[in-house]
Amino acid sequence: MDLILQEDDGILVPPTNFSAVEDSCIYRSGFPQPSNFPFLKSLNLSSIICLCPEPYPEENLEFLHFNKVKLFQFGMDGTKEPSAMSRSAITEALKVLTDVRNHPVLIHCKRGKHRTGCIVGCLRKWQSWCLSSVMDEYKQFAGAKWRETDMKFLETYDASCESSFVMAMAMVMGSPGAAKKKLQNSSPRAIQNLCYIFSWCLHLRGKNKSCKNN
């Protein structure tokens, strides 16, 4: 169901299939239209991740520029064929998505169903959600048009490389105090950012969704 907010100067209409993935920091939707710009502005976005290969519309670019929103584009040609799902592109998109410096962030494709659903599903596997919960969330947004290729991709996607990256950070950083000792040649801002990213990664990993026992 679409969310509509009332403001003094009018109605804020979100993009199609809009929802929060993680409250106040990660959102998902279909392709934003100019009518959605006031709503997007209310989110105070830092970044947008677009999964469509086509050039970003000029109107949207102007909106991003005016509101100082960064654009990250990882063009994917849909998910009807398994070969269209670039694992390297998904990994790079996940790095942007989980980098706290890019938050709040909105991730979108054309309708917010298949490509966006796959990225969010990969994020959920990285968060240690059980497979049935990952599939349920994917189907919730894909509706009757869910794709077997997407389900197979999510079933076989290996999130261990992202997990290994986080664990490597843990080994290098240990704790914020240890990080400062190990990164003495780094600027205070760089150290703060790394510690914040590491802490947020652990926060995400802790928000897993186990399957209920029958």
- Message: Can you tell me which condition residue 32 does not meet? The list is (1) touching a residue at least 40 places away in the same chain (Cβ under 8 Å); (2) assigned to a strand (DSSP E or B); (3) of a type outside the set (A, V, I, L, M), and all the others hold.
- Response: (2)
- Task: Kindly indicate whether residue 68 is open to solvent by 60 Å² or more (accessible area, probe 1.4 Å) and in a helix (DSSP H, G or I).
- Result: no
- Message: Residue under question is residue 94, and the condition is that it be of a type in the set (A, V, I, L, M), in contact (Cβ under 8 Å) with a residue 12 or more places away in the chain, under 25 Å from residue 126 (Cα atoms) and outside any helix (DSSP H, G or I); does it hold?
- Response: no
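Residue by residue, here is whether (1) part of a helix (DSSP H, G or I); (2) modelled with pLDDT of 55 or more; (3) polar (S, T, N, Q); (4) surrounded by fewer than 19 Cβ atoms within 10 Å (Cβ to Cβ) holds:
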position: 101; (1), (2), (3), (4): yes, yes, no, yes
position: 106; (1), (2), (3), (4): no, yes, no, no
position: 113; (1), (2), (3), (4): no, yes, no, no
position: 155; (1), (2), (3), (4): yes, yes, no, yes
position: 164; (1), (2), (3), (4): yes, no, yes, yes
position: 171; (1), (2), (3), (4): yes, no, no, yes
position: 181; (1), (2), (3), (4): yes, no, no, yes
position: 189; (1), (2), (3), (4): yes, yes, no, yes
position: 214; (1), (2), (3), (4): no, no, yes, yes
- Task: Test each condition in (1) over 16 Å from the mean Cα position of the chain (by Cα); (2) open to solvent by 70 Å² or more (accessible area, probe 1.4 Å); (3) farther than 25 Å from residue 137 by Cα for residue 33 and report the one that comes out false.
- Result: (3)
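The values are calculated or read from the model by the stated rules, or taken from the named source; none is laboratory data. Just so it is clear, the structure is predicted and the values come from calculations on it, not from any experiment. Every residue, glycine among them, receives a Cβ derived from its backbone with ideal geometry; neighbour counts consider all protein chains shown. With ligands, DNA and RNA removed, areas are computed over all heavy atoms of the protein, side chains included. Shrake-Rupley method; radii C 1.70, N 1.55, O 1.52, S 1.80 Å.
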